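Structure, as C-alpha cells:
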Amino acid sequence: MGSGKIAARAQLQRDSNRGEALSRRDSQPSSGSFRCGFVGVLGRTNVGKSTFLNAILGERLLISSSKPQATRNRIRCVLTTPDAQIIFVDTPGLHRPKNKLSRRLVREAYRGLRGIDVLVYMVEPWGELAAFDRHALERLETPDVPILLLVNKIDQAKSNALEETLIAYEATDRFEELIPISSTRRRGLDDAVETIVKYLPEGEALFPSDVKCDRPEEFLIEEIIREQVFDNTFEEVPYSSAVRVKWFRETAGKTPEIRAEILVARESQKGILVGKGGRMIKRIGSRARTEIERLLGRSVFLDLIVRVAPGWTNDDEEIRQVTEA
Ligand SMILES: Nc1nc2c(ncn2[C@@H]2O[C@H](COP(=O)(O)OP(=O)(O)OP(=O)(O)O)[C@@H](O)[C@H]2O)c(=O)[nH]1
Ligand SMILES: [Mg+2]
C-alpha cells in the first residue's frame, strides 16, 4: 500500500470518532472559538453533492457523474480552515429504488445522518418544491439538528426560477438558512462554508489538518476506476458495475503495480466493458491510470480485469462488500 496524505490512515477509527467527539466536548466545552462538527450532505441523486464537496475541498476526491447514483458509500471528508474543521458526510443520492443495491444506497444515505451536528439538504433551482423532496423532508428524523438548504446549479436557473425555489422551500419552515450556489462555477461556496461553520459546536479539531478523506487509497482508486466506467458506458452497465482493488504491490525501485477487478452482473456487460479488441477496457484503464497517478503523485501500472458475478446487484453479500462503510 502506498502512503499519502490524502489517505487518512490516521488511526481514526470510524465508529469511535463520534463518541470521542462528544466526550471531548463534554470535558472541554470551549477551546477559544474553534468549531468542529459533523455535517451530513443529503439530497436527491445527481443534484451535485459530491461536486460541491470536491469544489470546497479543492480536490477531486469523490466520484461525480452526469449519470445518477454515482455515490455508493457514506464518505467522510474533512475541510480544515483557520477557525473550524468541518467533517462532511457525503451520502448516496436519494431516489426510488429499483433493486436491492439501490435500496441499500438509500438506506446508507439516511444512515449517514446519525450523529451529525448540521444537515445540509441540497436541491436544484427549478422553481418548485418537488414532491420527491417534500416526501424526503417529511421522512427526516433529525429534530434537533439545524437544516441548511443549498440550492445548487444556479448557473442553470432560468429567469426567476431561483427566487421561486427559495420561496417554495422557505415556506416549509424547515430551514435555518437558504444558500444559492454553483459548485461548478464556484459561486457562493465561501458563503456556504461560513454559514455551515456558524452552526457547528465549539470544539477542537478531530483530524490532523492535512487529512481530507477518511478512506484508504484503495477505496479512492476504486472510485476513480468506477468513475471512468460511469463516464464511458451507458444504460445498465454503470449501475451493474463495481470495482475492487485486488492488490497494490510496491517493490523498492520499481513502479507500483495495481490490479483491480471490475465486477459486472452479466456476460453481455463484460463484452461491452472489454469492447472490440479490448478497446473499451484500455480506454477506461488509461484514463483511470492518469487520475490515479495524479492522486498518488507518481507513476503506476494498472491492470484491470472484468469478472461476471451473475445478478450481484440483488445479492446481499456482494452488495454489502461494495457498499459497506
Ligand atoms: N451546471 C452545473 N452542474 C453541476 C453543478 N454541480 C454539479 N453539477 C453536475 O451535476 C452532475 C451530478 O453531480 P454529482 O456531484 O455526481 O451529484 P450527486 O448529488 O453527488 O449525485 P449522487 O452521488 O448520484 O447522489 C454532474 O454532471 C455535475 O457536473 C453546478 O453547480 N452547475
Ligand atoms: Mg455523489
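Which residues, counting only those in the stretch 148-198, are assigned to a helix (DSSP H, G or I) and among the acidic types (D, E)?
Residues satisfying the conditions are D155, E163, E164, E170, D190, D191, E194.
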Unique match (being touching a Ser or Thr at 6+ places or on another chain (Cβ under 6 Å) and closer than 23 Å to P208 by Cα) among F52, F88, F38: F52
Criterion (away from ligand 2 (no atom under 16 Å from the Cβ) and closer than 20 Å to R186 by Cα) met by exactly one of P125, P143: P125
Filtered residue count, the stretch 247-271, keeping only those that are in a loop (DSSP other than H, G, I, E, B) and of a type outside the set (A, V, I, L, M): 7
Scope the stretch 111-134; condition assigned to a helix (DSSP H, G or I) and surrounded by fewer than 18 Cβ atoms within 10 Å (Cβ to Cβ); matching residues: R111, A131, F132, R134
Residue list for the stretch 63-100, restricted to those being β-branched (V, I, T) and more than 10 Å from ligand 2 (Cβ to nearest atom): V78, T80, T81, I86, I87, V89
Criterion violated by S159 - all others in (1) surrounded by 15 or more Cβ atoms within 10 Å (Cβ to Cβ); (2) farther than 30 Å from P201 by Cβ satisfied: (1)
Which listed residue is in contact with a helix residue (DSSP H, G or I) (Cβ under 7 Å, 6 or more places away or on another chain) and either within 25 Å of R111 (Cα to Cα) or charged (D, E, K, R) (or both), from E291, E235, E261, E324: E291
Selection from the stretch 63-84 of residues that are in a loop (DSSP other than H, G, I, E, B), more than 17 Å from S183 (Cα to Cα) and out of contact with any Gly (no Cβ under 7 Å at 6 or more places or on another chain): R72, N73, P82, D83
Flag for D117 being away from ligand 2 (no atom under 16 Å from the Cβ), in contact with a Gly (Cβ under 6 Å, 6 or more places away or on another chain) and not assigned by TED's automatic domain parsing to the domain that holds N314: yes
Residues of the stretch 86-102 that turn out to be away from ligand 1 (no atom under 11 Å from the Cβ) and more than 18 Å from V237 (Cα to Cα), as a count: 5
Top-ranked residue of the stretch 5-62 - restricted to ones that are of a type in the set (D, E, K, R) and either within 18 Å of S182 (Cβ to Cβ) or at pLDDT 50 or above (or both), ranked as surrounded by the fewest Cβ atoms within 10 Å (Cβ to Cβ): E59
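The values are calculated or read from the model by the stated rules, or taken from the named source; none is laboratory data. The model shown is predicted, which means the values in this text are computed figures rather than measured ones. Don't worry about glycine lacking a Cβ; one is built from the backbone with ideal geometry, like all the others, and counts go over all protein chains shown.
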